[in-house]
1. Which of (1) open to solvent by 30 Å² or more (accessible area, probe 1.4 Å); (2) under 26 Å from LEU25 (Cα atoms); (3) of a type in the set (D, E, K, R) does LYS125 not meet, given it meets every other one?
2. Might you let me know whether region 126-137 holds any residue that is within 24 Å of VAL163 (Cα to Cα), touching a His at 6+ places or on another chain (Cβ under 8 Å) and not in a strand (DSSP E or B)?
3. Out of THR79, THR106, THR28, which single residue is under 19 Å from the mean Cα position of the chain (by Cα) and surrounded by fewer than 13 Cβ atoms within 10 Å (Cβ to Cβ)?
4. Mind checking whether some residue in region 142-163 is more than 13 Å from the chain's Cα centre (by Cα), more than 30 Å from GLY17 (Cα to Cα), of a type outside the set (Gly, Ala, Ser) and open to solvent by less than 40 Å² (accessible area, probe 1.4 Å)?
5. Grab the strands (runs of 3 or more DSSP E) fully contained in region 11-105, keeping just those with 3 or more residues being in contact with a Phe, Trp or Tyr (Cβ under 8 Å, 6 or more places away or on another chain).
6. Is there any pair with a first residue in region 33-58 that is at positive phi and a second that is open to solvent by less than 10 Å² (accessible area, probe 1.4 Å) whose Cβ atoms are under 8 Å apart and which are 6 or more apart or on different chains, and what are they?
7. For region 31-55, give me the residue count where each residue is among the polar types (S, T, N, Q), over 20 Å from CYS175 (Cα atoms) and either out of contact with any Asp or Glu (no Cβ under 6 Å at 6 or more places or on another chain) or loosely packed, with under 14 Cβ neighbours inside 10 Å (or both).
8. Answer yes or no: is there a residue in region 56-64 that is open to solvent by 50 Å² or more (accessible area, probe 1.4 Å) and charged (D, E, K, R).
Amino acid sequence: MTQTLHKIKDQRLVHSGVSWQQFKLIQTGFADSPGIRLFYYQGEVEILSVSQDHEFFSRTISALLFIYCLEKRIEFAPTGSFTQEREGVASAQADESYFIGRARTTESPPDLSIEIVFTSGNENKLNRYRALGVPEVWFWEDGLFSLYHLRDNGYERIYRSLVLPDLDIDLLARCLLMTDSVEAGLEFRRAISL
């Protein structure tokens, strides 16, 4: 008997005209729902149901960045998809987020937020992160990273991370696409140790 596996893709629902108070009620309703990410910015709510592929790439990025920071002896605090909020303005749950070179605090945003994108809306997502004051945001989409750094007038596209300036982004992307996760980790570690 042959089984056919159907890949489930991320599902995204966006609704406008929602107050902050309504958003907080929606957030409470999804509090015990694993695999759901909620976002809010200027009256727009995005509800994202993430797929297994989404979680795989998110966790693999996290593992590779752990190897990188360990090998380079960079102090970091991974905070995963914790909810970042500025009351009444914006709320976001990045797939991965990090405090780099400093201890984790509750008063300041993480230095880096990373999102896996199987749907659209990068520009709206950047507006949320700008309102939250996140210095650097990465999007991983179609096997490539797009990096953005916050400037006075908004995010600027960059091609090398400013929070992890020695990280080879192309190497990270290549290793993410390797089919054997052990080989990917070993190749990444070998390459950054050269």
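The values are calculated or read from the model by the stated rules, or taken from the named source; none is laboratory data. These numbers were taken from a predicted model, which means no experiment stands behind them. Note that each Cβ is placed from the backbone with ideal geometry, even for glycine, and that neighbours are counted across all protein chains shown. Surface accessibility is based on the protein's heavy atoms, side chains included, excluding ligands, DNA and RNA. Shrake-Rupley method; radii C 1.70, N 1.55, O 1.52, S 1.80 Å.
1. With (1) open to solvent by 30 Å² or more (accessible area, probe 1.4 Å); (2) under 26 Å from LEU25 (Cα atoms); (3) of a type in the set (D, E, K, R) applied to LYS125, the lone miss is (1).
2. Checked against the condition, which is being within 24 Å of VAL163 (Cα to Cα), touching a His at 6+ places or on another chain (Cβ under 8 Å) and not in a strand (DSSP E or B), region 126-137 yields at least one hit.
3. From the options THR79, THR106, THR28, the qualifying one is THR106.
4. yes
5. Filter on region 11-105 gives 36-41, 44-49, 76-78, 90-92, 96-100.
6. GLN42/ALA90
7. Qualifying residue count for the region: 3.
8. Yes, there is a match, as at least one residue in region 56-64 is open to solvent by 50 Å² or more (accessible area, probe 1.4 Å) and charged (D, E, K, R).
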